[in-house]
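J.: Before I ask anything, here is the structure I am working with.
Rule-based calculations on the coordinates, nothing more; no lab input. Predicted model, so just to flag it, every value in this text is computed and none were measured. Neighbour counts run over all protein chains shown; Cβ positions are idealised from the backbone, glycine included.
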Protein chains: 2
Amino acid sequence: MSPISRQPNKQDTHADFSYTEQALHTLKHAGLRITKPRKVVIDLLDNSPVPLSAYEIKEKIDSLGEKIDTVSVYRIIETLEKHHLIHRLLSSSKVQKCRLSPESSCDKHQSDHCHHLLVCSECHTVSEVHCPGANDLVQAVQQAAHFQITSHAIEFYGVCGSCSG
Amino acid sequence: MSPISRQPNKQDTHADFSYTEQALHTLKHAGLRITKPRKVVIDLLDNSPVPLSAYEIKEKIDSLGEKIDTVSVYRIIETLEKHHLIHRLLSSSKVQKCRLSPESSCDKHQSDHCHHLLVCSECHTVSEVHCPGANDLVQAVQQAAHFQITSHAIEFYGVCGSCSG
DNA sequence: TTCACTGCAAACCTTTTGCAATTCT
DNA sequence: AGAATTGCAAAAGGTTTGCAGTGAA
């Protein structure tokens, strides 16, 4: 059950609430404290169209005159990731706010929230998709190789609608 | 003689030639020079069952009394990757020799040699598979999102046959 | 001999740990 | 006040650049 009530037909996005509101609510609901550094990081991620590294987050916040320690950024990122509020790109280990709701995992059998990433080579923005057929792929690979698959990561690279249109 | 004992892997798809032979041939064919550092790195990768980071490669070679600069390792890795002789793991950015032939790409339409990785959580060895159905997945995602996919990366995590049996 | 390649220097980014100080509730 | 969280110190690994010297062809 989601901590936030949703319209029945808006299953895929957090459209009812801003990302910042959603994130703060999720943290509070988990018994975590709403601190200034956390708010600043969440706000920055909410407004960044591209994924950021821990160091880049620190730099951006510093340049805004806010000052934050790199270690704190790492720990905040860790917390946000644990609560499925951000994605980590495999190809760069940068992070970005998660735009799909936790319930929209491709695999209902795994607790992992499993969204797959579309990385645009032009503008470097990253969007998320469900992975229709990903379970079939997992099954096929599992059969072909003697390998028991517990999780998987998929990233697609190409050109997004805005950049190609 | 090489300081590293050679154990040609007969499970290779490059069955006629050892990985080392194949790699050296590929480099020579591309007009590149066969240098001592390159031979040592290739030999090390040929005999490593697990992926290695650039730093780990440097450490291993040094411990064999050969000495190599970290920067050289990076550049050699870059060269090998360009010629499809190694894979880079997304999840750790370590590299491993490529065991499947370049022709066995999952997607005949892309020049990319596209193999998908099976990472064992137990022994950390990485094997490669063709991706039956991956093209279907790419098509499905491309349709669902407004996104023109040019390449993709897939990693599966789980337990390999040796570790589960 | 030539120039592709390596080694060296140097700088910066990445990540983790322990402990003291701070601050949210 | 008490507990969660941040800042600081420090260390080690990871990555990149330019330049000078070496060595493969």
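J.: Once the piece of chain linking B:SER93 and B:HIS124 is laid out straight, how much longer is it, given 0.36 nm per residue of separation minus the C-alpha distance between them?
T.: Once the chain is fully extended between B:SER93 and B:HIS124, it gains 9.8 nm.
J.: Just for the Cα atoms in region B:14-164, what are the lengths along the principal axes, largest first, rounded to whole Å?
T.: 54, 40, 31
J.: Which distances, in nm and shortest first, link the B:ASP136 label point to the same label point in every other copy, taking 7 Å along Cα→Cβ?
T.: 0.3
J.: Of all DSSP beta bridges in region A:14-164, what percent run antiparallel (nearest 5)?
T.: Given both bridge residues lie in region A:14-164, the antiparallel proportion sits at roughly 65 percent.
J.: I've got another one for you. With charges only on Cβ, +1 for K and R and -1 for D and E, what is the dipole size of region B:10-80 about its Cα centre, in debye, rounded to 20?
T.: Using Cβ point charges on Lys, Arg, Asp and Glu, region B:10-80 gives about 260 debye.
J.: Assume the label is 7 Å from Cα along Cα to beta carbon: what separations in nm does A:SER63 have to the matching positions in the other copies?
T.: A:SER63 label point versus its equivalents elsewhere: 4.1 nm.
J.: Hand me the trypsin sites (Lys or Arg not before Pro) from region B:18-54 located in a DSSP loop with no more than 15 other Cβ atoms within 10 Å, in residue order please.
T.: B:ARG33
J.: Measuring from a point 7 Å out along Cα→Cβ, what nm distances, shortest first, does A:GLN148 have to its partners in the other copies?
T.: Inter-copy label distances (nm, one decimal, shortest first): 4.4.
J.: May I pose another question? Could I have the simple spin-label model distance between A:ARG33 and B:ARG33, label points 7 Å from Cα toward Cβ, reported in nm to one decimal?
T.: 6.1
J.: If I model a spin label at B:SER53 and B:HIS83 as a point 7 Å from the Cα along the Cα→Cβ vector, what separation in nanometres do I get?
T.: Each label point lies 7 Å from its Cα, and together they span 2.7 nm.
J.: OK, next. Just need the relative contact order of region A:14-164 here, percent rounded to a whole number, with Cα pairs under 8 Å and 6+ apart.
T.: 18 percent.
J.: For A:VAL73, what charge total do you get from the other residues with a beta carbon under 14 Å from its beta carbon, if Lys and Arg give +1 and Asp and Glu give -1?
T.: Neighbour charge sum, excluding A:VAL73 itself: +1.
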